[in-house]
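First the structure, which I've put down as structure tokens, then a few questions once you've had a look.
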Amino acid sequence: MKLKFAGITRKTEFSPNHVVNDLLIINQTADAIRDLGAEVVMYDEGLITPDSVKEKLVFSMAQGPLGSKTLAKIEDRGAFIINSPRAVMNCYRINMVKLLPAAGIPFPKSVIVATDSDTNPRGAGFTSTRIWIKRGDVHAVHKEDVTLANTDDEELNLLKEFHQRDINEAILQEHLDGDTVKFYAVRETELFHWYYLNGIYHTAFDEKKLRELASASAEVMKLYVYGGDAIIGKDGRVTIIDINDWPSFAPVREQASRHIAQLIFRKAKEHVGQ
């Protein structure tokens with residue numbers, strides 16, 4: 001039996017600075033799935049409804065709350081979806097900052113706050129003079145959605161700006177000094193690629209540990225196609241600071257699209273009992 005897939009492209013609103021790269025990776029994945037002998041119909045995240053997606057096998061880059069809730073309804077009817085919309089919603093920061101520390105993943109001190117609060121964020125017990133202010137839901141839509149604040153006034157102004165944009169919750173997160181590394185991976189495959197986003201110290205660290213923590217984080221979040229960021233401290237310690245559902249894989253797109261397609265195809269065959 002020939003497998004039939006629906007592919008869901010990400011709404012451009014949720015691809016800031018990555019619209020082309022996000023479209024390229026899902027389209028190349030779709031082509032690779034076709035090369036494996038399946039049929040693929042593409043849909044736009046912003047246009048799907050519970051009744052418009054007829055296929056029972058789905059691969060998706062949808063990230064917004066509405067698209068994720070729509071796909072969750074489709075999943076509840078028995079559809080197979082990678083990444084699951086519930087895994088995507090696990091990546092919303094108000095969920096991620098609870099899930100990862102609870103699983104023992106090294107993660108910065110983070111506090112969820114209401115954006116209409118006038119409470120000084122320092123009251124949350126941070127000792128650092130620099131605190132990241134991050135919107136609590138999707139990863140980023142505007143450049144201000146993830147901002148490093150140096151003063152109390154900056155923090156409060158950012159929270160008010162979030163509130164004016166109907167973002168009700170934000171994350172206050174301690175700033176960790178060190179090198180930032182970005183990574184891309186696909187579970188149950190050999191693909192794991194990392195690079196320095198900013199290599200200030202180039203401290204030696206255990207790359208195997210980075211991979212282990214990334215993999216453990218993905219398992220906690222229930223993601224198959226994922227990426228993220230980590231801080232390498234001056235002592236070589238690895239701390240996960242972010243996990244993303246289905247990033248662009250821009251540096252390794254050709255390789256990634258093949259691994260993603262093979263994973264999806266294999267899992268779909270298991271789902272239908274082939």
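Equivalent-ellipsoid semi-axes (√(5λ), Cα gyration tensor) for region 117-254, whole Å, largest first? Mind showing how you got there, number by number?
Numbers: eigenvalues 167, 69, 31 Å².
For region 117-254, the ellipsoid semi-axes come out as 29, 19, 12 Å.
Let me ask something else about it. What percent do you get for the relative contact order of the chain when only Cα pairs under 8 Å and 6+ apart count?
20 percent
I would also like to ask the following. Starting from the Kirkwood radius over alpha-carbon pairs of region 64-179, derive D by Stokes-Einstein at 37 °C in a medium of 0.692 mPa s and give it in µm² s⁻¹.
For the chosen part, D equals 214 µm²/s.
Dipole size in debye (nearest 20) for region 179-245 around its Cα centre, Lys and Arg Cβ +1, Asp and Glu Cβ -1?
Roughly 80 debye for region 179-245.
By what distance, in whole Å, do the Cα atoms of the chain stretch along each of the three principal axes, largest value first?
Computed over the Cα atoms, the extents are 60, 43, 32 Å.
Please name whichever of L99, I25, P85 sits farthest to the positive end of the charge dipole of region 12-106, dipole taken about the Cα centre and charges placed at Cβ: Lys and Arg +1, Asp and Glu -1.
L99
Could I ask something else about it? Please give the net charge around I25, taking every other residue with its beta carbon less than 12 angstrom from that of I25, where Lys and Arg add +1 and Asp and Glu add -1.
0
Work out, step by step, the length gained on full extension between N157 and E254: first 0.36 nm times the residue separation, then minus their alpha carbon distance; give nm to one decimal.
Roughly 30.7 nm would be gained on extension.
Take the Cα atoms of region 109-174, find their three principal axes, and give me the spread along each one in whole Å, biggest first.
28, 20, 17
Let me spell out the model: positive unit charges on the Cβ of Lys and Arg, negative unit charges on the Cβ of Asp and Glu, origin at the Cα centre of the chain. What dipole size does that give, in debye rounded to 20? Could you put the intermediate results ahead of the total?
Working: 34 positive and 38 negative charges, 192 e Å.
Here the size comes out at about 920 debye.
With the crude spin-label approximation of a point 7 Å out along Cα→Cβ, what separation in nm comes out for R237 versus D206?
According to this spin-label approximation, the distance is 1.4 nm.
Compare the Cα positions of S257, A216, V272 along the charge dipole of the chain (+1 at Cβ of Lys, Arg; -1 at Cβ of Asp, Glu; about the Cα centre) and return the one farthest towards the positive end.
Working it through, the farthest residue towards the positive pole turns out to be V272.
Let me ask something else. Tell me, Kirkwood radius of region 179-245 from alpha-carbon pair distances, in Å?
Roughly 11.8 Å, rounded to one decimal.
Need the full-extension length gain, R77 to V146, defined as separation in residues times 0.36 nm minus the C-alpha distance. One decimal, nm.
My answer for the length gained is 21.3 nm.
Read-outs throughout are calculated quantities, based only on the coordinates presented, and are distinct from any laboratory measurement. Computed from a predicted structure; not experimentally measured. Note: ideal-geometry Cβ built from the backbone for every residue, glycine included; neighbour counts use all protein chains shown.
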